[in-house]
């Protein structure tokens, strides 16, 4: 019988290129959770990733540094203490817009998966 809650005592490190640290706390890898995922990320100065048009919505909460989110309307710089929501099906590109590491958490609904992210080559 379910207790009605779940405590995660350790995340799973997800290997990604470019020196970015990704630790999934909830999601398809660490907890086999598909309705949503939660990941902790740290990216080095100069980091960027290819544009993507994901099937999931993404809530990104920046703890420190500045995360640049390139949207169809133009770039948005999200600073420590700020958050941004991007709708499913919107083309976005994430990068570190500061000269320091940035740290943030991302909640994806439904959960992140390589099949849902649709990254460009």
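Structure values in brief
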| quantity | calculated |
| --- | --- |
| Residue list for the range 109-121, restricted to those being surrounded by 16 or more Cβ atoms within 10 Å (Cβ to Cβ) and either touching a helix residue (DSSP H, G or I) at 6+ places or on another chain (Cβ under 8 Å) or part of a loop (DSSP other than H, G, I, E, B) (or both) | 110, 111, 112, 113 |
| Residue in the range 82-95 that is on the phi > 0 side of the Ramachandran plot, out of contact with any helix residue (DSSP H, G or I) (no Cβ under 8 Å at 6 or more places or on another chain) and either at pLDDT 95 or above or not in a strand (DSSP E or B) (or both) present | yes |
| Meets criteria (within 21 Å of residue 121 (Cα to Cα) and in contact with a helix residue (DSSP H, G or I) (Cβ under 6 Å, 6 or more places away or on another chain)) for residue 55 | yes |
| Tally, over the range 35-60, of residues that are surrounded by 20 or more Cβ atoms within 10 Å (Cβ to Cβ) and assigned to a strand (DSSP E or B) | 7 |
| Residue among 69, 63 that is surrounded by 16 or more Cβ atoms within 10 Å (Cβ to Cβ), modelled with pLDDT of 95 or more and not in a loop (DSSP other than H, G, I, E, B) | 69 |
| Residue tally, condition in a loop (DSSP other than H, G, I, E, B) and either surrounded by 17 or more Cβ atoms within 10 Å (Cβ to Cβ) or touching a helix residue (DSSP H, G or I) at 6+ places or on another chain (Cβ under 8 Å) (or both), over the range 16-34 | 7 |
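The values are calculated or read from the model by the stated rules, or taken from the named source; none is laboratory data. These figures come from a predicted structure and were not determined experimentally. A quick note on method: Cβ atoms are made from the backbone with ideal geometry, for glycine too, and the neighbour counts reach across all protein chains shown.
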